[in-house]
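The values are calculated or read from the model by the stated rules, or taken from the named source; none is laboratory data. Computed from a predicted structure; not experimentally measured. All Cβ positions, glycine included, derive from the backbone under ideal geometry; neighbour counts span all protein chains shown.
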Amino acid sequence: MFARQVYFILQSMRIQWKKPEELKKLQEKRLKKMIRYAYEKTALYHKKFRELNLTPSDFNTLEDIKKFPYVTKADMRDNFPKDVVSTECDVSQCLKATTSGSTGQVLPIAYSRAAYEYYMAVSYRNFAALGFKPWHRFAYTRYEPIKIGSQFLEKFGIGQRKFISVFSEPEEQVAQVKAFSPHAITGYPSLMIEWAKILKDQGNGIHPLFVRTEAEILTKEAKKFMEDVFGCELYEEYGSAEFVHLAFECLHRGYHIPSDSIFLEFLKDGEEVSPGEEGEIYATSLVNYAMPFIRYKMDDRGVPLDELCTCGRGFPLMKLVVGRDDDFILLPSGKKVNPRLVIPVFELASGVKEFRVVQEKRDSITVDIIPDSTFTETDKNNLENSLREIITEPVEIMFNLCEEIPHGRHNRPRPIRSRVRE
């Protein structure tokens, strides 16, 4: 509904300027409503709450959330749709998305239309935080186009957007972006850097106000390279299919948690970490009643902060996500190698179109590479030498040159994947 979309946009734009105390009260109100709804309308949460002798009346303040059980991707996937989708919802009428975990098994996600419209309002607010205006054009690359919009307004130059399919060849993607001439671009870092390489060879031709990346690790080397080519600032957003938006950057570089649509916890050994300390992220949706996510284990890490951004928004801040647990390479000694050290080795390497590093055992890794026509044995040796400088323990490095790196229909592969556990 167009009127509801406009209402959500206006509401979300006002909410961001509320004081932290007001936002906490709003979270408590929405979280209490979500817990009661999930208990009454979904079998999974009803069962989990009852197993701990909990009812919705046991939640009164945000501190009470720690009493309630968390859920995993496996919980949601194995019980979809019967026990996790609201009994009031017809799954066939819901808006849908999918996401894949480290096993490659797909988790279907159902959104109510109202929830998706609210997420889109939050999306507009996040863009506006970077200077985006209603009459600006934006191009985005994903597996599927955004499901909600107004073609009527687009005819008058409002909310114009261009969907760029990830399945197109990079050269075709760049041609589409050039033809559209967007004010803003958003997409996966691994694709954006391919665009930047092509644009550099072509002498650029795109001049956006800003570029925003999402869903993958962005290294400082790739960020600088893309900013130099695009000639603008590059910002990051932390998102997921389950919650759409978990944190966003503003012009002041604060990394804001949109606490009107989500409640985040940062835990270590089940306890909340102190500000400035790294913890595992657990997320609760405050708006999607079709398929409630309460204390959902994200398998991501982040750092909560106890300060406010100089932009004046009341949203809590966090530091950028370092990476998922299975993004870190685990060495024989138990030492972890940060993916941000490994990825730059490949991003700007000569002759590499796409890459993936997979670890099955502590003492070996496999490097999949899609080479271009210029890739040589010397390039491979240079890559191995660079990796040896980072991976200083006896680990076998095997290279696999291939024409395609397989990945799921809705899951762009993360460049580093370790299946080794501590």
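If you check A196 against the conditions, is it crowded, with 19+ Cβ neighbours inside 10 Å and at pLDDT 90 or above? The answer is yes for A196. Being at pLDDT 85 or above and among the hydroxyl-bearing types (S, T, Y) is a property that does not hold for S350.
Looking at the stretch 329-342, can you tell me whether even one residue there is touching an Asp or Glu at 6+ places or on another chain (Cβ under 8 Å), of a type in the set (K, R) and in contact (Cβ under 8 Å) with a residue 40 or more places away in the chain? Break it down into steps so the answer makes sense when it comes.
So the first thing to find is which residues in the stretch 329-342 are touching an Asp or Glu at 6+ places or on another chain (Cβ under 8 Å), and the list is 330-335, 339.
Of the ones still in play, those that are also of a type in the set (K, R) are 335.
Among the residues that remain, those that are also in contact (Cβ under 8 Å) with a residue 40 or more places away in the chain are: 335.
Yes, some residue in the stretch 329-342 is touching an Asp or Glu at 6+ places or on another chain (Cβ under 8 Å), of a type in the set (K, R) and in contact (Cβ under 8 Å) with a residue 40 or more places away in the chain.
Please work out which residue is surrounded by the fewest Cβ atoms within 10 Å (Cβ to Cβ), limiting yourself to the stretch 53-94 and to residues that are assigned to a helix (DSSP H, G or I) and touching a strand residue (DSSP E or B) at 6+ places or on another chain (Cβ under 8 Å). Residue satisfying both the conditions and the ranking: K66. Of all residues in the stretch 200-214, which are surrounded by fewer than 19 Cβ atoms within 10 Å (Cβ to Cβ) and either in a loop (DSSP other than H, G, I, E, B) or touching a residue at least 12 places away in the same chain (Cβ under 8 Å) (or both)? Passing the criteria: K200, Q202, G203, N204, G205, H207, L209. All of K82, K19, K73 fail the test of being over 23 Å from L267 (Cβ atoms), basic (K, R), in contact (Cβ under 8 Å) with a residue 40 or more places away in the chain and in the same structural domain as G254 (by TED's automatic domain parsing), apart from K19.
Filtered by the rule that a residue be among the hydrophobic types (A, V, I, L, M, F, W, C) and under 18 Å from R388 (Cβ atoms), the stretch 359-373 gives I365, V367, I369. If only residues of the stretch 208-221 that are of a type in the set (A, V, I, L, M, F, W, C) and closer than 19 Å to A139 by Cβ are counted, the one that is modelled with the lowest pLDDT is A215. If you go through the stretch 96-139 and keep only what is at pLDDT 90 or above, surrounded by fewer than 17 Cβ atoms within 10 Å (Cβ to Cβ) and not in a helix (DSSP H, G or I), you end up with G131, K133, P134, W135.
Restricting attention to the stretch 140-181, the residues that are closer than 17 Å to S123 by Cβ, surrounded by 15 or more Cβ atoms within 10 Å (Cβ to Cβ) and either at pLDDT 95 or above or polar (S, T, N, Q) (or both) total 2.
Restricting attention to the stretch 343-364, the residues that are of a type in the set (A, V, I, L, M), over 11 Å from S418 (Cα atoms) and crowded, with 19+ Cβ neighbours inside 10 Å total 3. Sub-8 Å Cβ pairs linking a first residue in the stretch 35-52 that is assigned to a loop (DSSP other than H, G, I, E, B) and modelled with pLDDT of 95 or more to a second residue that is buried (at least 20 other Cβ atoms within 10 Å of the Cβ) and not polar (S, T, N, Q), at least 6 apart or interchain, are T42/V84; T42/V85; T42/P292; L52/F68, ordered by first then second residue. When you look at K380, is it at pLDDT 90 or above and more than 20 Å from P332 (Cβ to Cβ), yes or no? Considered against the rule, which asks whether it is at pLDDT 90 or above and more than 20 Å from P332 (Cβ to Cβ), K380 comes out as yes. When residues in the stretch 249-280 are screened for being within 30 Å of P81 (Cβ to Cβ) and at pLDDT below 95, 2 of them pass.
Across the stretch 275-310, what is the total count of residues that are under 18 Å from Y255 (Cβ atoms) and of a type in the set (V, I, T)?
Residues of the stretch 275-310 under 18 Å from Y255 (Cβ atoms): 275-283, 298, 300-310.
Narrowing the set further to residues that are of a type in the set (V, I, T) leaves 281, 303, 310.
Qualifying residue count for the region: 3.
To keep it simple, each residue is scored yes or no on (1) outside the structural domain of F225 (by TED's automatic domain parsing); (2) part of a loop (DSSP other than H, G, I, E, B); (3) over 25 Å from the mean Cα position of the chain (by Cα); (4) more than 23 Å from E171 (Cα to Cα).
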position	(1), (2), (3), (4)
G334	yes, yes, yes, yes
R340	yes, no, no, yes
V345	yes, no, no, yes
S350	yes, yes, yes, no
V367	yes, no, no, yes
S373	yes, yes, yes, no
K380	yes, no, yes, yes
L383	yes, no, yes, yes
R388	yes, no, yes, yes
